[in-house]
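Heads up: the structure comes next, in structure tokens.
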Amino acid sequence: RPAVTFDNVVFGYEPDRTILHGLSLEIPAGSKVAIVGPSGAGKSTIARLLFRFYDPQAGRILIDGQDILGVTQISLRKALGIVPQDSVLFNDTIGYNIAYGRDGAGLAEIEAAARGAALGPLIERLPQGFETEVGERGLKLSGGEKQRVAIARTLVKNPPILLLDEATSALDTRTEQDILATLNAVSQDRTTISIAHRLSTIADADAIFVLDQGRLAESGTHAALLRRD
Ligand code: ADP
Ligand code: ADP
């Protein structure tokens, strides 16, 4: 059973302008896939539909075989973890930023949970520990460090599906590669959907979906797509 299915999805933000023109795609459970395509192709729209910020005008979206129209927001949020491009951190400790939403947990407990979720490699690359204050009053983190905290914050909830919406696109390619490598190491069985625009960053994906003007232009492995041109 696929982790995510788009079945002939038609969607537009405005009634007279269709953005997704009957989009169909299947993301196998446990796979690492990338959705690429030019700006405006509809990549982020896919993320917004998955979270039900909007619903399609036609077609169906399934998560783990279930039509998301019949799934509660709470279950949806447990199933899907998202990391956006510009994660906003709280002016608080790294630990609190990671543990936000884990009610009443102490820092030691959070750190244990993070390590339990195999986040060690992500956290060890941060300059200071969990108790470090970040933001306006504290340590100013680099873009890459900020995204590491944001990824850890999402992974600590252990969502079966991880959605990276241009999560590393604003970083230099070296930092991006570094983060993606640690991410690979900590999320083996997790379905990972990476929305990106640089083809170089998703070379290892099991499948790449190329979106163009709301249609699936091509799909396949990186090698297969390169052979085709
Ligand atoms: P991508 O992520 O591939 O850059 P998006 O999914 O963000 O593309 O946008 C696809 C299209 O939908 C674009 O033409 C964009 O202008 C339009 N669009 C995005 N958000 C809205 C919105 N809230 N209202 C109207 N049009 C929108
Ligand atoms: P701005 O661009 O005005 O700093 P952001 O949207 O980037 O605003 O940040 C929103 C919040 O995240 C602010 O409260 C800010 O303190 C915090 N923040 C921003 N950048 C960092 C950073 N590099 N490290 C830690 N916290 C940050």
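The values are calculated or read from the model by the stated rules, or taken from the named source; none is laboratory data. Keep in mind that this is a model prediction, so the values were computed, not measured. Here the Cβ is made from the backbone with ideal geometry for all residues, glycine too, and neighbour counts use every protein chain on show.
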Residue within region 162-181 that is within 25 Å of residue 218 (Cα to Cα), more than 16 Å from ligand 1 (Cβ to nearest atom), assigned to a strand (DSSP E or B) and under 15 Å from the mean Cα position of the chain (by Cα) present: yes
Options 40, 81; residue that is away from ligand 2 (no atom under 16 Å from the Cβ), exposed (fewer than 15 other Cβ atoms within 10 Å of the Cβ) and closer than 25 Å to residue 200 by Cβ: 40
Sole exception among (1) touching a helix residue (DSSP H, G or I) at 6+ places or on another chain (Cβ under 8 Å); (2) surrounded by fewer than 18 Cβ atoms within 10 Å (Cβ to Cβ); (3) of a type outside the set (Phe, Trp, Tyr) for residue 34, by number: (2)
Top-ranked residue in region 3-34 [being over 13 Å from residue 207 (Cα atoms) and assigned to a loop (DSSP other than H, G, I, E, B); ranked as modelled with the lowest pLDDT]: 15
Test: residue in region 142-165 that is within 15 Å of ligand 2 (Cβ to nearest atom), charged (D, E, K, R) and touching an Asp or Glu at 6+ places or on another chain (Cβ under 9 Å): yes
The one condition in (1) within 15 Å of ligand 1 (Cβ to nearest atom); (2) within 22 Å of residue 77 (Cβ to Cβ); (3) surrounded by 14 or more Cβ atoms within 10 Å (Cβ to Cβ) that residue 53 fails to fulfil: (3)
